[in-house]
Amino acid sequence: MQINDTVAAELRAWGARYLGSTAALSEAEARAALLQRVQDEGGVPDRRAVSAYQLVAGAALAAPRGAQADGLADLETQLRGELDDFARSFFMLDVVARRSRWQALKRRGDWLGPVQARLEHLRTALDLDPARIEHADPLVPRFADFLAELFVLRACPRALRRQEILGKIDDDLASWKQAARTLEAQWPRIAMLDELLLSLVAHPEAEAKSREARRTYGTFDLAAAYGTQRTFEVAPDRSQPRATANQGSGTNWLLLVILLVIGGALRLAYNAPPEPSPPPRVQPVNPKHVRPLEIKDPELQKFIEMWRKDTKQ
């Protein structure tokens with residue numbers, strides 16, 4: 001990853017803290033702290049302590065990748081913890097303090113994608129204050145508190161807590177439905193802190209149809225329920241049998257049989273053993289083209305002449 005000056009300063013501060021100092025250290029002070037730590041640990045150097053010294057003594061931007069990785073891993077854990085603390089106290093802080101702390105975390109965590117994503121989620125409610133909602137119906141501010149509680153949670157805890165809330169309000173769902181619709185009408189931004197809980201409570205019929213549409217890839221318009229042009233693609237209704245489903249079944253079977261017969265014939269033709277090839281033809285030799293045998297041995301020539309005379313008799 002590309003380390004900027006802000007992250008480099010964070011890495012140097014982490015190295016100083018790991019070596020036991022709350023203030024910035026010079027190279028000599030960092031070396032002394034490292035040697036003291038090695039002595040305390042029986043002469044075996046701690047890898048993270050060495051990484052901390054490398055980040056403090058040299059330029060963090062030019063430090064070895066291993067040292068940067070150790071520092072970044074601890075910084076990520078620290079940032080995630082600070083972000084969780086900020087989320088838990090999000091709506092307890094006043095708007096000014098909330099925005100100031102958000103900006104500080106945004107500046108320090110611009111190198112870490114998950115932290116940035118969660119900060120962007122929290123940014124949408126930096127100027128909201130659900131605690132100021134007052135209404136004659138006490139369920140309206142209580143429902144706003146439920147939405148604010150879900151808004152600051154991570155995805156998995158949010159889903160679990162949402163189910164717990166639905167279980168609590170199930171006994172008097174009609175009253176909660178009216179309270180949710182009142183909140184949506186008068187404080188729409190607060191009502192959208194958790195859109196799914198709002199839909200399940202304020203518009204249960206539309207949400208049920210929406211889920212059915214998503215399961216079957218069907219279509220319908222939710223404008224009447226939500227006041228927005230939310231549509232889904234509609235798949236054709238397959239609950240009714242097709243008019244031509246059973247028509248022409250005999251013709252289909254006949255065509256299938258014909259295709260099977262043709263396929264079997266082709267398979268036999270390709271798998272049949274090849275016919276044996278005829279033996280090679282031998283052309284007879286014309287005696288005129290045969291060169292007479294020359295015998296240079298006189299004894300053998302004499303013997304052949306005697307043999308020829310005997311065969312002629």
Checklist entry - Going through segment 128-147 one residue at a time, which ones are free of Cβ contacts under 8 Å to residues at least 40 places away in the same chain, under 22 Å from Asp170 (Cβ atoms) and part of a loop (DSSP other than H, G, I, E, B)? => result Pro138
Checklist entry - If only one of Gly81, Gly71 is touching a helix residue (DSSP H, G or I) at 6+ places or on another chain (Cβ under 8 Å) and assigned by TED's automatic domain parsing to the domain that holds Ala9, which one is it? => result Gly71
Item to check | Out of Gly109, Gly43, Gly58, sole residue that is modelled with pLDDT of 75 or more and assigned by TED's automatic domain parsing to the domain that holds Trp14 | outcome: Gly109
Checklist entry - Mind checking which residues of segment 99-127 are within 22 Å of the chain's Cα centre (by Cα) and touching a residue at least 60 places away in the same chain (Cβ under 8 Å)? => result Asp110, Trp111
Item to check | Qualifying positions in segment 9-40 - assigned to a helix (DSSP H, G or I) and either of a type in the set (Ser, Thr, Tyr) or outside the structural domain of Gly109 (by TED's automatic domain parsing) (or both) | outcome: Tyr18
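The values are calculated or read from the model by the stated rules, or taken from the named source; none is laboratory data. Quick caveat, the model's predicted, so the values are computed rather than measured. Counting neighbours? That spans all protein chains shown, and the Cβs are built from the backbone with ideal geometry, glycine included.
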